[in-house]
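Taking it in order: structure first as structure tokens, then the write-up.
The values are calculated or read from the model by the stated rules, or taken from the named source; none is laboratory data. Being a predicted model, the structure only gives us computed values, none of them experimental. No Cβ is skipped: glycine too gets one built from the backbone with ideal geometry, and neighbour counts run over all protein chains shown.
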């Protein structure tokens, strides 16, 4: 018998602290597998955020730098400018990237910073206990929106991929999800392409991954995947929003 | 039909059932006869001869505790 | 070597490049904008990195990243911008990374004014951001001293793996003075290796992580105690000060930066009236030279100690700690952008002496 799937060497042996069924773990291994397959683990510096994935610096089998809340793109900018031949990525949630760190991600994209951002959108603040995020759906309940997000009061969820795709410095922007094995394979392909374009020096790359938060959504992990498919995908359509290689091919 | 074999690192299983939900052969279940050190009923397979080695379970496992082999 | 006429802000930037700094991140703000302007022109000539960031918050976090990657890096700003950097400075202190931060102070609070001030003394010497930490703070009083202290700033930052701040009022940034480049330029390639930097495992060593999270209270406590032990070593070893005519003085002025020059002018005016006044000038305002100031103030000849500041009285707290009540301590100063005159300082000195 031959091994067809095993834990990536891109992950350390530290146990993940995430809740049962949290899709952070799936995305972690897609990034880890990509770095392993591209044979760049020894040449990579990852930037961990503040949020549920704050401990990412313990999980990836490469050098890591933990940033302040929202500042990962600025920290990554500092690293990549000093070490332009290295692979640099940030791993950020929706509170980190789409709320407190909006300025940093927008301007990193504007400058065409040559790092890759993995953006976890689960429509809620996980670590602090289920508060409303900028990506929370209208009507979705959160601990700071107990009756559901009210459009009159808070507006509608922000679509970061669409927004960042309008910026010239962005080389590749795609939104994926990890709700099925087929979607996981597609997500992996997107993440790999983003890293490949970073290596090719094309510009800023970001993969948004629609993810679950079973604990704060109040659902089982399997129910959470269904809820994501039924509610988040219509609000955050999957697809490629910017692909500089397709534009260059024209 | 290819035959496969799955191995679970059961002490790290959190019993989330994502693997159970994607197994086409429907052979994975949470073993309620035992509890691991974390307090969960870990995922397991008893009818291994029905495993096709598709790796769906391993691919979706957030905790990377599943290894899949195939002939 | 011949003296050259330099503007303060440009001299700061040139001194940093000569000190081996090859990485600058900053944001425009008066009265320090000549620093990023100079860096934007001259950093590329030495193969360095200049980047104008979207905010001071981003700039200090770029410093955080670049320092972690092993670069000799700096940022600069003025008071409101330094407030924005405090979050990042706290992280850099906890993660124990070297950096140099220049604050060309302007009047506050709030948007304040663009005129010179020393209103950020508390912020600079008490940490400034959240948590238990300190940064080494140099307070030069002229452009030559700025230039001379720049290399020391980078070296101490590397030695103790922590930020070193250089603070001066806007006057020093904006004026021109003769400068002599006394030290040979530093080649960054000759600097000692930084084994703690995150530059990739190369597949050889275990992954390194730069972080400031210690979620276990025991680990967090140990981390804080270890940092404090470092700060205690610095307090013992790195105090710097200068005295001028303090021996057998009747009155001692205590002042840092530009007001020390005003105090010397006032001391000369007092001498004409037969009053012997000396000036004690801390060069490091953290660590503060408490013992040296106590010894100066405790002399039998000394009847009063007067602090001269361009704020409403901040360093006076440290002066009182140093003097330990052995002599009366009083304050003269102007805040929010107005500079005290030597005559005002003389009047305050006479008042302190009961004349």
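Results, tabulated for the structure shown:
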item	result
Residues located in region C:68-82, provided they are surrounded by fewer than 24 Cβ atoms within 10 Å (Cβ to Cβ) and within 8 Å of chain A (Cβ to nearest Cβ)	C:70
Residues (surrounded by fewer than 21 Cβ atoms within 10 Å (Cβ to Cβ) and either under 20 Å from residue C:155 (Cα atoms) or not assigned by TED's automatic domain parsing to the domain that holds residue C:191 (or both)) located in region C:23-47	C:46
Residue within region C:174-181 that is crowded, with 21+ Cβ neighbours inside 10 Å, touching a residue at least 12 places away in the same chain (Cβ under 8 Å), not assigned by TED's automatic domain parsing to the domain that holds residue C:340 and not in a loop (DSSP other than H, G, I, E, B) present	yes
Condition broken by residue C:65, with the remaining ones in (1) within 18 Å of residue C:91 (Cβ to Cβ); (2) surrounded by fewer than 22 Cβ atoms within 10 Å (Cβ to Cβ); (3) without any contact (Cβ under 8 Å) to a residue 12 or more places away in the chain satisfied	(2)
Residue identified as surrounded by fewer than 17 Cβ atoms within 10 Å (Cβ to Cβ) and more than 14 Å from chain A (Cβ to nearest Cβ) among C:206, C:250, C:242	C:242
Region C:83-100, residues that are touching a residue at least 60 places away in the same chain (Cβ under 8 Å) and more than 14 Å from every other protein chain (Cβ to nearest Cβ)	C:100
One residue from A:109, A:68, A:72, A:103 being touching a strand residue (DSSP E or B) at 6+ places or on another chain (Cβ under 7 Å), facing chain C (nearest Cβ under 10 Å) and either modelled with pLDDT of 95 or more or within 29 Å of residue A:225 (Cβ to Cβ) (or both)	A:72
Single residue of B:28, B:37, B:60 found to be in contact with a helix residue (DSSP H, G or I) (Cβ under 8 Å, 6 or more places away or on another chain), buried (at least 21 other Cβ atoms within 10 Å of the Cβ) and more than 10 Å from chain A (Cβ to nearest Cβ)	B:28
Residues within region B:8-25 that are within 10 Å of chain A (Cβ to nearest Cβ), touching a helix residue (DSSP H, G or I) at 6+ places or on another chain (Cβ under 8 Å) and over 23 Å from residue A:219 (Cβ atoms), tallied	1
